[in-house]
Amino acid sequence: MSKSADHRAALFDAAKSAMASCHAPYSKFPVGAAILAANGEIYKGANIEVISFPEGWCAETTAIGHMVMAGQTKINEVAVIAEKLDQCTPCGGCRQRLAEFGDADTKIHLCDQNGVVKTVKLGDLLPLSFATDVIA
């Protein structure tokens with residue numbers, strides 16, 4: 001198995017595990033995400049809703065928070081899974097958040113319940129993102 005395939009499998013497993021910990025009592029739409037950071041570590045997150053729905057935060061946002069709190073600032077790859085939707089893509093806000101720490105070539109793995117279904121580049125999902133030169 002290639003190193004890239006290893007990353008996809010590990011990211012899928014982490015995203016699916018995170019989805020199981022979501023808090024989505026209002027939308028009933030569980031989502032999980034996992035980020036492979038430049039240091040080789042995987043950070044995961046789930047969507048968390050609050051009673052003032054649609055306030056709350058997305059799975060990708062949670063994962064980014066864990067990554068940043070661990071001192072990391074570069075995303076290499078991401079996996080996203082939703083319980084009720086195959087090939088769930090990050091929402092618009094999360095696409096820009098991912099662009100803050102990734103780049104146009106950052107791989108986004110779209111998953112179903114069995115694994116990665118499709119891989120796209122962040123630049124294809126968000127072709128005109130706000131650019132940042134903060135991260136070297």
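Just so it is clear, none of the values below were taken in a lab; they were calculated from the coordinates. Source: prediction; values computed, not measured. Virtual Cβ from ideal backbone geometry, glycine too; neighbours counted across all protein chains shown.
With neighbour counts taken as other beta-carbon atoms within 10 Å, the residues I48, I35 rank, fewest first, as I48, I35. Note on N39 and V117: with the Förster distance fixed at 41 Å, the Cβ-Cβ geometry gives a FRET efficiency of about 0.90. Put simply, the convex hull of the Cα atoms in segment 3-125 casts, on average, a shadow of 6.7 nm². In the chain, helices alone account for a calculated mean residue ellipticity at 222 nm of -9000 deg cm²/dmol, with every DSSP H run of four or more residues adding -39,500 (n - 2.57). Look at the alpha carbon pairs under 8 Å that are at least 6 residues apart: their mean separation over the length of the chain gives a relative contact order of 21 percent.
State which stretch of the chain is the longest one without any exposed trypsin sites (Lys or Arg not before Pro), exposure meaning a DSSP loop state and at most 14 other Cβ atoms within 10 Å. Answer - 29-83. For the listed residue pairs K84/K121; K28/K84; K84/K118; K28/K118; K44/K107; K84/K107, the alpha carbons are over 19 angstrom apart in K84/K121; K28/K118; K84/K107.
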